[in-house]
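> My questions will all concern the structure given below.
What follows is calculated from the coordinates using simple rules that are stated; it is not laboratory data. Computed from a predicted model, the values in this text were never measured in an experiment.
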Amino acid sequence: MSPEIVECYIKAGQVIANIRERVRGIVEEGMPLLSLCEKVETLIDQGGCRPAFPCNVDINEIAAHYTSPPDDPKVIPSEAVVKIDLGAHLDGYVADTALTVSFDPLYEVMVQAVEEALEKAIELVRPGAKFNDVGSTIERKIKAYGFYPVRNLCGHLTTRFIVHVPVSIPNVASPFETGKFAPDNVYAIEPFATTADAAGEVVSLKEAYIYHLIKLKPPKAAGVQKLLRTIKERYWTLPFAKRWLLDILPSEKLDRAFATLLSHKIIQPYPVLIEKTARPVAQAEHTILLTKNDAMIIT
């Protein structure tokens with residue numbers, strides 16, 4: 001990994017680390033979710049980076065993949081457990097982080113559980129360390145607080161223009177997981193916790209508001225081609241939101257073109273994920289750049 005690439009990662013990490021801490025003082029009950037998403041994304045732009053994916057604002061039992069659609073009327077409800085997942089990239093080099101804010105005192109300890117689980121997990125990250133050891137540590141720490149890890153959400157590897165490389169760093173003991181950390185790679189560690197009476201598992205809803213490009217052969221309709229060209233030029237394989245494309249076509253034409261890309265499987269949705277028994281979920285996340293001699297927390 002060249003020094004120039006390392007600098008890109010460090011810059012992206014610094015930008016979202018600063019924004020993450022600012023968000024703690026911005027988020028409040030009654031706040032429109034769309035305002036929060038747009039605020040975070042604007043701050044990333046102002047920091048000299050680009051959003052690596054749409055800002056996720058996941059409320060209570062929603063664990064991942066909710067970002068506001070255009071004209072989203074939703075607001076943060078009272079006594080909510082709010083997860084904000086944000087990422088930035090510089091020239092495609094991605095940093096990813098998340099925090100949880102609980103407006104219900106009952107779940108403040110659950111937030112502390114995931115934050116401490118993350119801290120203990122990161123202490124293990126070094127070349128040759130086993131992914132399973134990280135998962136075991138996260139599970140033990142979360143359970144020690146009386147909560148339960150979400151077993152089918154996990155950390156991941158990230159590479160240029162790809163947020164989630166198919167490498168799984170578990171949040172539970174997983175004896176059949178044989179993966180190991182390797183130098184010159186960037187990993188996101190992200191524990192998720194839920195209540196002890198929950199299933200500890202997420203399931204997909206039919207709704208989705210985040211998408212990514214998977215093919216480059218559109219139908220010949222002019223509007224569809226224009227939309228696909230814009231997605232490719234702006235985001236390439238990084239996730240995006242439909243609300244980021246409102247400047248491309250008039251509303252009705254955008255809806256038709258977007259539906260065509262979906263039906264032809266040119267773009268793919270990320271379904272909203274909820275805890276199976278509708279219990280609240282907390283999340284914490286850092287990105288680690290691993291060299292031969294060091295594990296650098298860039299967020």
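> Compute the Rg to Rh ratio over the stretch 210-271 from the alpha carbon atoms, using the Kirkwood formula for Rh, and round to two decimal places. Write out the running numbers ahead of the final one.
On the way: Rg = 10.2 Å, Rh = 11.3 Å.
Taking Rh as the inverse mean 1/r over Cα pairs, Rg/Rh reads 0.90.
> From the square roots a ≥ b ≥ c of the eigenvalues of the alpha-carbon gyration tensor of the stretch 1-160, which class results: rounded (a/c under 1.5), prolate (a/b over b/c), or oblate? Write out the running numbers ahead of the final one.
Values: a/c = 2.08, a/b = 1.04, b/c = 2.00.
The shape class here is oblate.
> Using a Gaussian network model of the chain with C-alpha springs under 10 Å, which one of Pro166, Pro69, Pro149 is most mobile by mean-square fluctuation?
Ranking Pro166, Pro69, Pro149 by mean-square fluctuation puts Pro166 first.
> Which distance in Å, rounded to a whole number, links the C-alpha centroids of the stretch 87-115 and the stretch 262-299?
11 Å
> Distance check, please: which entries in Lys74/Lys265; Lys220/Lys265; Lys83/Lys180; Lys83/Lys265; Lys120/Lys180 exceed 21 angstrom between their Cα atoms?
Numbers: Lys74/Lys265 29 Å; Lys220/Lys265 15 Å; Lys83/Lys180 28 Å; Lys83/Lys265 29 Å; Lys120/Lys180 17 Å.
As for pairs spanning more than 21 Å Cα to Cα, those are Lys74/Lys265; Lys83/Lys180; Lys83/Lys265.
> Looking only at Leu157, Leu86, Leu216, which one moves most when the chain is put into a Gaussian network model with springs between Cα atoms under 10 Å?
Largest GNM mean-square fluctuation: Leu216.
> At a Cα cut-off below 20 Å, give the aspartates and glutamates reachable from Lys215, other chains included and same-chain residues fewer than 8 away excluded.
Glu233, Asp255
> Now for a different question. Can you bin the stretch 68-114 into rounded, prolate or oblate? Criterion: square roots of the alpha carbon gyration tensor eigenvalues sorted a ≥ b ≥ c, rounded for a/c under 1.5, prolate for a/b above b/c, oblate for the rest. All intermediate terms of the calculation are to be shown ahead of the outcome.
Details: a/c = 6.04, a/b = 1.35, b/c = 4.48.
Oblate, since a/c reaches 1.5 and b/c is not below a/b.
> Also, I was wondering about something else. Quick one: grab the alpha carbon gyration tensor of the stretch 164-256, order the square roots of its eigenvalues as a ≥ b ≥ c, and give me rounded if a/c is under 1.5, else prolate or oblate depending on whether a/b is larger than b/c. Provide the component values of the computation, followed by the final result.
Details: a/c = 3.24, a/b = 1.88, b/c = 1.72.
In terms of gyration-tensor shape, prolate.
> Taking every pair of alpha-carbon atoms in the chain, give the share separated by more than 28 Å as a whole percent.
Working: 16580 of 44551 pairs.
Here the long-distance tail beyond 28 Å is 37 percent of all Cα pairs in the chain.
> Sticking with this one: Which angle between 0 and 90 degrees, to the nearest 10, do you get for helix 251-263 versus the longest principal axis of the chain when only C-alpha atoms count?
The angle comes out at about 60 degrees.
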